[in-house]
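For reference, the structure discussed in these notes is given below.
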Amino acid sequence: MTNIQNDYWENHWQNPKYRNISFDQAITIAKTRVPGEVVKAELDYDDGVLLYEIDIRTDEGLKYEIKVDAVTGQITKLKLD
């Protein structure tokens, strides 16, 4: 990798050094609030905040979107999708 590529990754928002919470931890946090099957989980950068966006389908068939702050682990949004 060239220095330019290294510098790009070093400062890129997806670099793990900018997160305190892993995907697995974020999923555990989300499932604590909404038990069910995770149907989607992704890392997102929204309005200057690094978030995990996790979609969970409950046993009743309802789908929820939960956003977990990737730094603090706080749930910032929970909505019925």
| message | Considering only residues that are part of a helix (DSSP H, G or I), at pLDDT 95 or above and not acidic (Asp, Glu), which ones fall in region 1-37? | response | Gln25, Ala26, Ile27, Thr28, Ile29, Ala30, Lys31, Thr32, Arg33
| task | Inspect region 38-46 for any residue being over 9 Å from the mean Cα position of the chain (by Cα) and small (Gly, Ala, Ser) and give the result as yes or no. | result | no
| said: Every residue in region 38-81 that is more than 30 Å from Asn11 (Cα to Cα) and modelled with pLDDT of 95 or more, please. | reply: Ile56, Arg57, Thr58, Asp59, Glu60, Gly61, Leu62, Lys63, Tyr64, Lys79, Leu80
| task | Go through region 57-77 residue by residue and tally those that are open to solvent by 70 Å² or more (accessible area, probe 1.4 Å) and in a strand (DSSP E or B). | result | 3
| Cβ pairs under 7 Å, 6+ apart, first in region 5-18 and at negative phi, second surrounded by 11 or more Cβ atoms within 10 Å (Cβ to Cβ) and modelled with pLDDT of 65 or more | Trp9/Asn15; Trp13/Tyr45; Trp13/Leu50; Gln14/Leu43; Tyr18/Leu50
| Which ones in region 45-56 are part of a strand (DSSP E or B) and more than 18 Å from Thr28 (Cβ to Cβ)? | Tyr45, Asp46, Val49
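The values are calculated or read from the model by the stated rules, or taken from the named source; none is laboratory data. Note that the structure is a prediction, hence the values are computed from the model and not measured. Cβ: placed from backbone, ideal geometry, glycine included. Neighbour counts: every protein chain shown. We work out accessible area using only protein heavy atoms, side chains counted, and drop any ligands, DNA or RNA first. Shrake-Rupley method; radii C 1.70, N 1.55, O 1.52, S 1.80 Å.
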